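The values are calculated or read from the model by the stated rules, or taken from the named source; none is laboratory data. Source: prediction; values computed, not measured. Positions of Cβ are backbone-derived with ideal geometry, glycine not excepted, and every protein chain shown enters the neighbour counts.
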Amino acid sequence: MREQWNTRAGFVLATIGCAAGLGNIWRFSYVAGENGGAAFLLIYVLCVAILGVPLMLGEFCIGRRTQADAVASFQKGTLRRGWAAAGWLMAVVSFVFLSYYAVIAGWAYKYFVDYLTGAAARMESGTLTDHFGAFVADPLEPVFWQFVVVALTVTVVAAGIKRGIESVNKVLMPLLGVIVIVLAVYALSLDGACAGLAFLFRPDWKALAQPGVYLAALGQAFFSLGIGAGALLTYGSYTTCDQKLAPAAVTVASGDTLFAIVAGIAIFPAVFALGLDPAQGPTLAFVTLPEVFNILPAGRLFAIAFFVLLGLAALTSSVSMLEVPCAVLMRRLRWSRKRGALVIGVAAFLAGVPSALGFGMWREIGVFGMGILQTIDVIASSIVLPVGGLLIALFVGWTWSGEEALRVAGISGDHVARAWLLLLRFIAPCLILLILLGLLVA
């Protein structure tokens, strides 16, 4: 018998945990910093509303309709052959995400331990770039912390849906909400915090003329919500028939977006209060913010709370990434959950080692001037995920009848039904294709 969520709240919290991870804190902060702050945020919110919610609901529906893993859901969801490839694409991309996601999460665990033990006290202002560079260039330490993250992820997934994934998210998601709110309140109390709020909420309209801002916002929306990676489909397959999918999709997308915005409020006021540059790229959380922690009153406590937030948020998302290929192998090879989680976990760890070493002994490897980890991140989040979103829109919007799609989604209102089908069948595919074309041209 296929596992199911114990409660609707458990499903919603687990799905928010799937979405709310490094993408909302580490990635959102540096991508927003690189793309003008408020202008990027405006486009990002529009992408979530116009593309994110309809596609998230569509992905939920695919899993709900067949009560199966990503590959089987596409196979059983239509009589047309070839759609199983879409499920395999999602299983593979989830595996790839986990491989390098665990590397970045490992950085957060390393910094948390350093601040907790007091080792970070030896990091003086002005030397933090060198400290971070020495850490990621080390041939062993990044791999060790990557292993810690993968081991924790395997442990949670092996425990099952109710006792593992749902139970962990019921505890961690409220805890993460409290931590991020406390950090935001503290950041707002700093002198000069208004500049950070202005950066995040007062748009520079000239930035809207830059195509790169739209590409970044789309990539961030897909990465943050996890659309097109099969996790939402897989989580949707564990729902019962009485759990309504449309309200869940709105709740999850809203919660995920709010989490990212509050995280931005926790980060940018502190960065601007100390006159630092928000456009630091991926090192914002590991170089710029530690500079802030060194200067702030009670900065060590602020740092511990921040890296706890970052590490736990990463865990809830990495669990969903492992669950997608694990569910596929459990069905196809008739493996136990523990065996599937362990095998995929070991494989993801080994696949992620090049990303872990990509800042040290393998730093010369990459394309277009990017290292291994950044290359994989750009391809996966800016290309493969939007392609996955496009496949979801085409599958639900065009291989299913409108009546069937609405029945599975649980939508009854005429206006809402027409709006969802319009977005799913026409607007979402056209926007995704335009933005992908723009990426190729850029």
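Here are a few things to note about the model shown:
- Residue match in segment 37-54 (condition: at pLDDT 90 or above and outside any helix (DSSP H, G or I)): no
- THR240 being touching a residue at least 24 places away in the same chain (Cβ under 8 Å), surrounded by fewer than 24 Cβ atoms within 10 Å (Cβ to Cβ), of a type in the set (Val, Ile, Thr) and over 26 Å from GLY371 (Cα atoms): yes
- Yes/no for ILE372 being closer than 22 Å to LEU89 by Cβ, modelled with pLDDT under 90, surrounded by fewer than 21 Cβ atoms within 10 Å (Cβ to Cβ) and of a type in the set (A, V, I, L, M): no
- Matching residues, segment 179-196, being part of a helix (DSSP H, G or I) and either β-branched (Val, Ile, Thr) or more than 18 Å from ARG27 (Cα to Cα) (or both): ILE179, VAL180, ILE181, VAL182, VAL185, TYR186, ALA187, LEU188, ALA193, CYS194, ALA195
- Count of segment 140-165 residues which are touching an Asp or Glu at 6+ places or on another chain (Cβ under 8 Å) and buried (at least 19 other Cβ atoms within 10 Å of the Cβ): 3
- Identity of the residue in segment 213-236, out of contact with any Asp or Glu (no Cβ under 7 Å at 6 or more places or on another chain) and of a type in the set (Ser, Thr, Tyr), that ends up nearest to VAL384 (Cα to Cα): TYR214
- Of the helices (runs of 4 or more DSSP H) lying entirely inside segment 56-139, those containing at least 2 residues that are in contact (Cβ under 8 Å) with a residue 60 or more places away in the chain and surrounded by fewer than 24 Cβ atoms within 10 Å (Cβ to Cβ) span 84-117, 128-137.
- PHE28 vs. criteria modelled with pLDDT of 90 or more, touching a helix residue (DSSP H, G or I) at 6+ places or on another chain (Cβ under 8 Å) and buried (at least 22 other Cβ atoms within 10 Å of the Cβ): no
- Residue check for PRO354: in a helix (DSSP H, G or I) and within 19 Å of ILE376 (Cα to Cα): yes
- Among the residues listed as GLY402, GLY397, GLY388, the single one being within 23 Å of the chain's Cα centre (by Cα), modelled with pLDDT of 90 or more and not hydrophobic (A, V, I, L, M, F, W, C): GLY388
- Some residue of segment 269-285 being crowded, with 20+ Cβ neighbours inside 10 Å, hydroxyl-bearing (Ser, Thr, Tyr) and in a helix (DSSP H, G or I): no
- Answer residue from segment 200-215, given it is farther than 19 Å from ILE267 by Cα and more than 24 Å from the chain's Cα centre (by Cα) and is surrounded by the most Cβ atoms within 10 Å (Cβ to Cβ) among those: ALA207
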